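Trainee: Before I ask anything, here is the structure I am working with.
The values are calculated or read from the model by the stated rules, or taken from the named source; none is laboratory data. The structure presented is a predicted model; accordingly, all values stated were derived computationally and were not measured. All Cβ positions, even for glycine, are placed from backbone atoms using ideal geometry, and neighbour counts span all protein chains on display. To get the accessible areas, we keep the full protein, side chains included, count just its heavy atoms, and leave off ligands, DNA and RNA. Shrake-Rupley method; radii C 1.70, N 1.55, O 1.52, S 1.80 Å.
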Amino acid sequence: MDFELSKEHRAIRDAAREFAQKEIAPVAHEHDRNHHFPRDIISKMGELGFFGCLIPEEYGGTDYGFMGMVLITEEVSRFSSSIRGAINMQCTGTAYNILKNGSAEQKQKYIPPLITAEKLGCFAMTEPNAGSDTLSMETYATYENGEYILNGTKTWISYATVADITILYAYTDPDARAKGLSAFILEMNSPGVSTSEIDKLGTHSFPSGEIALNNVRVPQENLLGGPGEGARILFGSLPDTRIGCTAGAVGLAQACLDEAIKYCKTRTQFGQAIGNFQMNQALIADVAMNIEAARLLLYRAAWQKDQGVKNNVLETSYAKMFAANVVVQAATVAMDVHGAYGYSTEYPASRYYRDAKMYQIVEGTTNIHRLIIGLDRLGIRKANR
Ligand code: GRA
């Protein structure tokens, strides 16, 4: 067992940190305020190989693995929780899913432009009546002369309004439930696709929206995996993107702690720096300890993947649920330490507070992860199947 990052991992982390400090930190607040999606930053991240960690060199990737992906995501999220989402959209939930399940042609066609960010990606499972209960989705696809015809509505889809390509799940045989779900690679400029943006509390530089499908024709060769393999593909991809999401939570929690410490050292009240007061010291200590624990759970889950343990749903749920709760605690502490200035939109603490809450909702709510863990520990339903 080795708790130190390797020399290579430290170099990856340092390069990502340098990029994020230089390119993201100066503009993150303004872009959030203006609800601006910074396409230029996403392109630069693509050029630097930030989206290629899970992809072998033959498709233009860096092959840095899950640990590399997690370290980059953490560093980006320290400066913008919104922008870190791109790593899940361009690679973990899309290019990597195609790598795992796609045909040779699909890999050649779709992976390179996704990881360079020449094209933007997204994945679409959630629907108005299918959030936590993913398999209750209603979107369906009928087969006709070498094409599938898709109808339905997806909602809360990250990058819906900007994506060029989506991995979209639909029933090809609704009566067969899980065995009748299929996955498609859909080009978003296909006739019959329309999108609209959803306004939200935070994460304003990361567009989310609805995708409406009205008799959308998808060629048979864009079926990802075989017909009826959608549930396997979906439940195989969620633990991957959950690790990326957890890294986002840890990075943002670190940003909250950094801001709280900075303010504790510079703000004076009652004639001294407020960090001298034990009540503030206790807040900092609790958050610092929890971030360490969240990071260890995250690194363990990422390390498992790099060791070839592909099915670590349980360990991923431990990390995701813990980190989501920690980031909300960290954001609350950052606000509390800042007092009224925390509530002001001038300081980053208010953005962190709005962004943090998302982590208890996306990629499986906290209660869904409780369910996965509880059922596993009680021997009712195994998580790692
Ligand atoms: O075994 P079976 O024949 O009964 O059928 C199961 C099996 O075929 C069926 O699904 C299949 N299946 C699997 N196949 C292969 C399940 N797990 C696997 C697997 N690992 N490999 C049904 O399984 P089940 O366990 O009975 O499912 P369920 O009870 O219907 O639901 C389980 C559960 C609630 C955990 C699941 O639906 C779930 O995880 N829900 C949460 C949905 C979620 O996480 N959504 C995330 C949306 S994407 C997002 O948030 C993007 C954010 C981006 C960002 O910020 O980074």
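Trainee: For the chain, modelled as a Gaussian network with Cα springs under 10 Å, which listed residue fluctuates most, Ala330, Ala273, Ala28?
Mentor: Ala273
Trainee: Further question: Given bins 5 angstrom wide, list per bin the percent of all Cα-Cα distances in the stretch 292-367, short to long.
Mentor: Binned Cα distances yield the sequence 3, 17, 20, 18, 15, 12, 8, 4, 3, 0.
Trainee: Contact order normalised by length for the stretch 7-119, with contacts defined as Cα pairs under 8 Å and 6 or more residues apart; what percent is it?
Mentor: Dividing the mean separation by the residue count of the stretch 7-119 yields 30 percent.
Trainee: Roughly to the nearest percent, how much of the accessible area of the chain is carbon and sulfur, given a 1.4 Å probe?
Mentor: The C+S portion of the solvent-accessible surface of the chain is 52 percent.
Trainee: How large is log10 of I(q)/I(0) for the stretch 65-140 at q = 0.13, 0.17 Å⁻¹ when the intensity is taken from the Debye formula with one equal scatterer per alpha-carbon?
Mentor: -0.50, -0.80
Trainee: Moving on to the next point. What is the distance, in nm, between label points placed 7 Å from the Cα along the Cα-to-Cβ direction at Ile198 and at Glu18?
Mentor: If labels sit at Ile198 and Glu18, their model points lie 3.9 nm apart.
Trainee: Here is a further query. Run the Debye formula on the Cα coordinates of the stretch 154-295, all scatterers equal and no solvent, and tell me log10 I(q)/I(0) at q = 0.13, 0.17 1/Å.
Mentor: -0.75, -1.01
Trainee: Within the P(r) computed for the stretch 184-242, what percentage of the Cα pairs occupies the region above 20 Å?
Mentor: The calculated P(r) of the stretch 184-242 puts 49 percent of pairs beyond 20 Å.
Trainee: Just the number please: accessible area per residue for the chain, 1.4 Å probe, all protein chains included, in Å².
Mentor: I get 44 Å² per residue for this part.
Trainee: Using only the alpha carbons, work out the radius of gyration and Dmax of the chain in angstrom.
Mentor: 20.9, 79
Trainee: Need one number: the % of Cα-Cα pairs in the stretch 255-317 sitting beyond the 15 Å mark.
Mentor: So the portion of pairs separated by more than 15 Å is 61 percent.
Trainee: To continue, here is another question. Given Cα pairs under 8 Å that are at least 6 residues apart, what percent is the relative contact order of the stretch 169-235?
Mentor: 45 percent
Trainee: Once you've got the GNM for the chain with C-alpha springs shorter than 10 Å, pick whichever of Ala104, Ala293, Ala160 has the biggest mean-square fluctuation.
Mentor: Largest GNM mean-square fluctuation: Ala104.
Trainee: Which of the chymotrypsin sites (Phe, Trp or Tyr not before Pro) found in the stretch 25-120 are loop residues per DSSP with 16 or fewer other Cβ atoms within 10 Å of their Cβ?
Mentor: Here no chymotrypsin sites (Phe, Trp or Tyr not before Pro) fit, given the DSSP loop and packing criteria.
Trainee: While we're on this one: Springs between alpha-carbon atoms under 10 Å, Gaussian network over the chain: tell me which of Glu229, Glu346, Glu138 tops the mean-square fluctuations.
Mentor: Looking only at Glu229, Glu346, Glu138, the biggest GNM fluctuation is shown by Glu346.
Trainee: Using the Kyte-Doolittle scale, which helices in the chain average at least 0.0 and also have C-alpha atoms spread 27 Å or more along the helix axis, with helices defined as whole DSSP H runs?
Mentor: 230-266, 278-306, 313-338
Trainee: For the stretch 256-385, what is the largest minus smallest coordinate of the Cα atoms on each principal axis, given in angstrom and ordered from greatest to least?
Mentor: 58, 26, 24
Trainee: Let me ask you something else. For a test of understanding, tell me how many lysine pairs in the stretch 7-119 have Cα atoms under 16 Å apart, given they are 8 or more places apart or on different chains.
Mentor: Within the stretch 7-119, the lysine pair count is 5.
Trainee: With viscosity set to 0.692 mPa s at 37 °C, what whole-number translational diffusion coefficient in µm²/s follows for the stretch 324-364 from Stokes-Einstein and a Kirkwood radius over Cα pairs?
Mentor: 324 µm²/s
Trainee: Same structure again: Would any residue of the stretch 30-56 have its amide N under 14 Å from a label point 7 Å out along Cα→Cβ of Glu8? List them or say none.
Mentor: The answer is 53-56.
Trainee: Could you tell me the extents of the stretch 7-119's C-alpha atoms along the three principal axes, largest first, rounded to whole Å?
Mentor: That gives 42, 35, 18 Å along the principal axes, largest extent first.
Trainee: Please find the FRET efficiency linking His35 to Arg267, where r is the Cβ-Cβ separation and R0 is fixed at 25 Å, and quote it to the nearest 0.05.
Mentor: Once rounded, the FRET efficiency stands at 0.25.
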